Amino acid sequence: MGTKETVEREPERGPLTTQLQLGILPSGKKVKAARSGRSTLSTIGGWALRIFVVLVILEIISKFLTADAMRWDVVWSYLFSEKVISGVGLTLFLTVVAMVLGCVIGLLLALMKISNSLLLNVTADGYIWLFRGTPLLVQLLFWYNLASFLPTLSFGIPFGPQFLEVETNSVVTAMVAAMLGLGLNEGAYMSEIFRAGIQSVDHGQTEAAAALGMSRRRAMNRIVLPQAMRVIVPPTGNQVISMLKGTSLVSIVAISELLYTVQVIYARTFETIPLLVVACIWYLFLTTVLSIGQHYIEKHYAKGANRNVPDSYLTKFKNLFGPSARQEFATQEPVR
């Protein structure tokens with residue numbers, strides 16, 4: 001009899017009989033954990049801090065919206081005016097051109113820097129040192145005044161015969177100077193982003209591609225770069241947003257982008273604050289759109305990776321006010 005009882009009390013064995021049951025009894029009922037006084041005070045303090053932060057933010061917004069200098073009728077009258085929309089379009093154009101030029105230069109510099117050639121290494125380092133070491137505003141002014149340094153541009157063999165010679169002012173206009181200044185400067189920063197992304201891929205991947213008979217270029221295109229994009233995309237998104245705002249510097253060379261457009265308007269009407277608010281609204285709108293696009297691009301390249309893309313605000317609100325993930329996990333049906 002004793003042996004029979006021992007056999008009956010022996011727990012069942014099997015690969016799926018072990019269950020992680022958090023917050024529920026074996027019968028499936030939820031367990032209400034007893035809260036200590038310290039935990040209750042911590043919860044109350046957390047909600048009090050949230051309410052205080054919300055009140056501070058609401059007060060700041062209220063003072064901004066109701067300030068005497070804020071003339072919303074002027075803001076709305078210029079927000080979609082033809083000149084402002086034209087300035088927005090030119091801002092986007094400069095951003096796209098500068099980023100394309102910067103990405104191309106950056107990728108070439110990154111490949112030069114990780115190559116085995118000492119000459120290419122020194123050339124890439126010299127370029128990065130020069131364009132990262134001087135302010136963007138100085139570079140823009142330099143390109144804009146290039147004619148005073150080089151009145152003519154000649155094309156041919158260095159220290160040899162020249163085949164073509166043109167006046168600098170006819171080639172390097174204000175718009176070309178703006179694109180050169182933004183694009184060449186951006187290339188120096190993008191090169192470090194590309195280099196970090198490429199070197200983040202394990203070297204064994206390249207060796208495996210070589211073992212399969214792939215050439216170095218094909219392994220770079222098929223194996224390394226797709227994986228490196230997971231590291232390259234987030235900082236590149238930041239660079240795009242930074243470039244969007246950095247285009248405001250070209251107002252120094254009289255390019256009619258967004259900031260220069262509103263400056264011209266308020267220099268005539270003396271409505272400085274409302275016009276600056278117009279510019280801020282457009283910059284915030286464009287950076288918001290770019291941030292949303294960056295989130296979905298990161299999500300695309302994070303497929304199959306171990307790290308997670310940060311949650312969107314919609315998901316965060318659901319987690320804040322909806323059932324917690326722990327409770328959902330605890331109440332799910334056990335695997336049998």
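For this structure, a couple of remarks:
- Other residues with beta-carbon under 15 Å from the beta-carbon of residue 108 carry, at +1 per Lys or Arg and -1 per Asp or Glu, a net charge of 0.
- Carbon plus sulfur fraction of accessible area for the range 78-134, probe 1.4 Å, in percent: 76 percent
- Each peptide in 150-156, 187-193 was scored by the mean count of other Cβ atoms within 10 Å over its residues; highest first, the order is 187-193, 150-156.
- The protection proxy used here, the mean number of other Cβ atoms lying within 10 Å of each residue, ranks peptides 40-50, 206-216, 101-111, 86-96 as follows, highest first: 101-111, 86-96, 206-216, 40-50.
- Summed residue charge, Cβ within 15 Å of residue 66's Cβ, Lys/Arg positive, Asp/Glu negative: -1
- The value of relative contact order for the range 170-229, using C-alpha pairs under 8 Å at least six residues apart, is 35 percent.
- Mean-position separation - Cα centroids, the range 109-130 and the range 145-211, in angstrom: 13 Å
- Amide H contacts under 5 Å for residue 152, placed H, 5+ residues apart: 168
The values are calculated or read from the model by the stated rules, or taken from the named source; none is laboratory data. This one's a predicted model, so the numbers in the text were calculated from it and none came from an experiment. Glycine also receives a Cβ, built like all others from the backbone with ideal geometry; neighbour counts cover every protein chain displayed. These accessible areas exclude ligands, DNA and RNA; they are computed on the full protein's heavy atoms, side chains included. Shrake-Rupley method; radii C 1.70, N 1.55, O 1.52, S 1.80 Å.
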